[in-house]
Amino acid sequence: MEKKKNSTRDKIIQSAFSFYDMLFFERISLSKIAAKAGITKPAIYKHFKSREDLENAMKSLILSDIADTIKNCGQNPNDASVLEKVIVLLCNKKSYFYFILSNSLEFSIDNFLIEIEKNGISDLNLENIFDSCGNIADIEVYKKVLYISATIIFFQGARDFILLDKKLQDTDENIQEYAEKLASFVKFGGLGHDIKNIDALRLSQLDILCSKEIQSLKEPCKFFTAIGNVVRRVGFSGTTIEELAKELGLAKSSLYTNFSSKKEMFKALIKEECLNLFHVIKQNLLYAKNSAECIYIFMETEIEFFLKRKGLLYVCHWLTFQNSKNDFKIKEMHEKREMAIGKDEQLDFTSFILNADIITQVPDFGTPKMDVQIMFSWIFHMPIFFLLHNELHNFPEESVHAAMKDFFYCMEKGINFIDNKENNISGGKK
């Protein structure tokens, strides 16, 4: 009897995962999950107290499988072998990957680290990241884990979207090749820039220069603050026009007068702010002496911008991934971005970036091939990923800037840079 109960519980979990064959933020109804599992909706509550309970079980399964994968790497696993195994797991279990991505605000890397600790995996030296109160005790290792996670998540998404767009079939051989090459890129870097003359003093000078343009921007619209507060409180799926009206102290009808939905409102509000960010990045890139400095300026400008506009951080993250599973295509994603920002402005900034000769080397990750535009999207994604986790821990501002220095060097030299304390230039703004 107990076995049957566990079997039904597992069937519900697997049925829920079956809907995550693509990225989307809309919540799946329990009725659909029940129908897929061949049971009634009330039957779900015999195994799970609530939707959140079911989602927590799904998270636990993913984290447990990742922990088991790491455990199975054998005695004294190295970074590359562990990364390869995890990448292969996420390629083969796409529902895991899309569930993580679709719930990216609620699914922090902290969850993974806690699961590693529960499973007693000591070979990776991750067990001392948190102190007894749950605060970050070893920020250097935490930054390393964030860099690795953000890079794997981004390129996994990019790869899947290209496969879908070009109607390419995946194979075990292609997955293994991709896993080996991405793991090598994470470990050793590979953007191809000569960075021997870019030291701590120069990066601190660039920090100061980047902040000047940000200071000149006017205060963001009050809606962004409200959106940030609501998303932090109830998540993306719970952010409604009603919740926003309540946060702003307005009648719901006053928002519906101008916007038909939260999606339309988010897009309208973000347009001006995206143009502000594009403008500041273009201005700050004039300070660069070489293409490597351009990459650092790109990320540091983002950090300055989003630190001053935290509400925008959540809206930007939401718009980056918000698409239904039925219509997510590379072309349509680009068209939606054009509608949100403005086609001429989007093309102007994209053209400027692509013609600036900043990315001198596109790494080879096997099939399918990445391009310069994807590499820039990765660079843009990295500060956002760090800042979203920063919201959990509220690091001092100097630690945030220090993290971008480490991320910059990891892109060029790989994660060994963080381990090498003699060459570590981390520090706040001078």
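The values are calculated or read from the model by the stated rules, or taken from the named source; none is laboratory data. Bear in mind that the values here come from a model prediction, so they are computed numbers and not experimental data. Note: ideal-geometry Cβ built from the backbone for every residue, glycine included; neighbour counts use all protein chains shown. Note: areas computed on protein heavy atoms with side chains; ligands, DNA, RNA excluded. Shrake-Rupley method; radii C 1.70, N 1.55, O 1.52, S 1.80 Å.
Does the stretch 170-236 come out rounded, prolate or oblate by the C-alpha gyration tensor, with a ≥ b ≥ c the root eigenvalues, rounded set by a/c under 1.5 and, if not, prolate when a/b is larger than b/c and oblate if not? Can you show the working numbers first?
On the way: a/c = 4.16, a/b = 1.29, b/c = 3.22.
Note, shape of the stretch 170-236 comes out oblate.
Report the gain in length on full extension from SER50 to SER132: 0.36 nm times residue separation, minus Cα-Cα distance, nm rounded to one decimal.
On the way: separation 82, 0.36 × 82 = 29.52 nm, distance 2.97 nm.
26.6 nm is the gain from fully extending SER50 to SER132.
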Task: Nearest-10 value in Å² for the accessible area of LYS218, using the 1.4 Å probe - done: 140
TODO: Given a cut-off of 21 Å, name the pairs among LYS144/LYS413; LYS11/LYS49; LYS212/LYS405; LYS93/LYS143 whose C-alpha atoms lie farther apart than that in the structure shown.
DONE: LYS93/LYS143
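On full extension of the chain, what length is gained from CYS221 through LYS118, given 0.36 nm per residue of separation minus the C-alpha to C-alpha distance? Don't skip to the end; give the middle numbers.
Details: separation 103, 0.36 × 103 = 37.08 nm, distance 4.35 nm.
Taking CYS221 through LYS118 to full extension adds about 32.7 nm, to one decimal.
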Task: Rounded FRET efficiency, nearest 0.05, which uses the C-beta distance separating PHE259 from GLU397 and R0 of 25 Å - done: 0.15
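Checking the a/c ratio against 1.5 first, then a/b against b/c, what shape does the Cα gyration tensor give for the stretch 42-93? Could the numbers behind the result be given before it?
Values: a/c = 4.37, a/b = 3.01, b/c = 1.45.
Taking the square roots of the gyration eigenvalues as a ≥ b ≥ c, the stretch 42-93 is prolate.
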Open item on the list: Can you give me the % of accessible surface on the stretch 122-258 that is carbon or sulfur? Probe 1.4 Å, all protein chains present, nothing else counted.
Closed with: 49
TODO: Show THR171, THR69 ordered by accessible area, largest first, where the area counts protein heavy atoms only and the probe is 1.4 Å.
DONE: THR171, THR69
- [ ] Go through the stretch 152-200 and name the chymotrypsin sites (Phe, Trp or Tyr not before Pro) that are in a DSSP coil and have 13 or fewer other Cβ atoms within 10 Å of their Cβ.
- [x] none
- [ ] Highest first, please rank the peptides 228-234, 406-412 by the mean number of other Cβ atoms sitting within 10 Å of their residues.
- [x] 406-412, 228-234
- [ ] Could you work out how far apart the two model spin labels at LEU286 and ASP364 are, taking each label as a point 7 Å from the Cα in the direction of the beta carbon, and quote it in nm?
- [x] 4.0
